[in-house]
Amino acid sequence: AQSVTQLDSHVSVSEGTPVLLRCNYSSSYSPSLFWYVQHPNKGLQLLLKYTSAATLVKGINGFEAEFKKSETSFHLTKPSAHMSDAAEYFCVPEAADSSYKLIFGSGTRLLVRP
Amino acid sequence: DTEVTQTPKHLVMGMTNKKSLKCEQHMGHRAMYWYKQKAKKPPELMFVYSYEKLSINESVPSRFSPECPNSSLLNLHLHALQPEDSALYLCASSHSKDYGYTFGSGTRLTVV
C-alpha cells in the first residue's frame, strides 16, 4: 500500500537561513508527487509537482524539491527563509490507482524566527 | 480564471438546519473533490466527482450529500449535522492526475 511520511511535525528556522522539510514515500512505482502549502485559515496552494520529467523540481516562492528514487524521498528546500514562509506544508503523492486520490502526509509546520 | 471559488467563507448552523456549500471553477477541470479538514490535521477526502459522476464516496455519513449539477459547479448539501462536523471544508478540482489540484480557500463550518 502507498504511504507518505513527513519526518518532522515542526521545523523552526531563523529568517534568512535554509529550509529543509523532509518527506519519504513508499510505493511500488514512482508516483506523481506534490508539495502544498497552507497558511493559517487558508486553503492549500500548490508549491511544486514532480511528474517524472525531471528529478529536480522548481516551484513558486523559491522552493524546490528533488525526487530521489533510491531513497524514496522528495524533500522540500529553500535557500533562505522569509517570514512569509511560516505555514503548514504537506507532501502529497497521488494514489497508484486511477482514482484521482491524493494521499496527504501529516504535515510539517514551519516556524520562521526573526 | 485559475481559481476555485467557494461560498460561503464562513457558516454557522444549528443541528436541525439545512444548508449548502458551493464550489465553482471555470478551468475546464473534469474532476472535482470535497475534503474535510479538522484543526491541525491534513485534509481528508470525502467525495470525488469525475465527469460529473460520483466516483468516490469515502464512507461519508448521509447527512452530507454532494451534487454536481454541471462541469463547473459542485455543491455539498448539509442536513442534521453534529457539532463534531465543524471543520474547514475544502473543494478542489483537477485537469488530470499529473497536473496537480487547485484548491479553494474553504468554508469554515461551525455546527452549534
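The values are calculated or read from the model by the stated rules, or taken from the named source; none is laboratory data. None of the values given here were measured: they were computed from a predicted structure. FYI the Cβ positions are ideal-geometry reconstructions off the backbone, even for glycines, and counts take in every protein chain you see. Areas reflect the complete protein model, heavy atoms only, side chains present, ligands, DNA and RNA absent. Shrake-Rupley method; radii C 1.70, N 1.55, O 1.52, S 1.80 Å.
A few points about this structure:
- Unmet requirement for residue A:36, which otherwise passes all of (1) part of a strand (DSSP E or B); (2) in contact (Cβ under 8 Å) with a residue 24 or more places away in the chain; (3) away from every other protein chain (no Cβ under 14 Å): (3)
- Flag if residue A:112 is of a type in the set (A, V, I, L, M, F, W, C), more than 10 Å from the chain's Cα centre (by Cα) and in a strand (DSSP E or B): yes
- Residue match in region A:71-82 (condition: buried (at least 19 other Cβ atoms within 10 Å of the Cβ), away from chain B (no Cβ under 14 Å) and farther than 18 Å from residue A:49 by Cα): yes
- Qualifying residue in region A:56-68 (condition: assigned to a loop (DSSP other than H, G, I, E, B) and exposed (fewer than 15 other Cβ atoms within 10 Å of the Cβ)): no
- Count - residues of region A:1-28 that are away from chain B (no Cβ under 13 Å), in a loop (DSSP other than H, G, I, E, B) and out of contact with any helix residue (DSSP H, G or I) (no Cβ under 7 Å at 6 or more places or on another chain): 10
- Residue A:42 basic (Lys, Arg), closer than 26 Å to residue B:39 by Cα, within 14 Å of chain B (Cβ to nearest Cβ) and part of a loop (DSSP other than H, G, I, E, B): yes
- When the residues of region B:91-112 are filtered to those that are open to solvent by 10 Å² or more (accessible area, probe 1.4 Å) and under 21 Å from residue A:48 (Cα atoms), the one that is farthest from the other protein chains (Cβ to nearest Cβ) is B:95.
- Qualifying residue in region B:59-80 (condition: within 12 Å of chain A (Cβ to nearest Cβ) and at negative phi): no
- Within region B:60-79, residues that are within 16 Å of residue B:13 (Cα to Cα) reach partners that are hydrophobic (A, V, I, L, M, F, W, C) and loosely packed, with under 15 Cβ neighbours inside 10 Å with beta carbons closer than 8 Å, at six or more positions or on different chains, in the pairs B:63/B:80.
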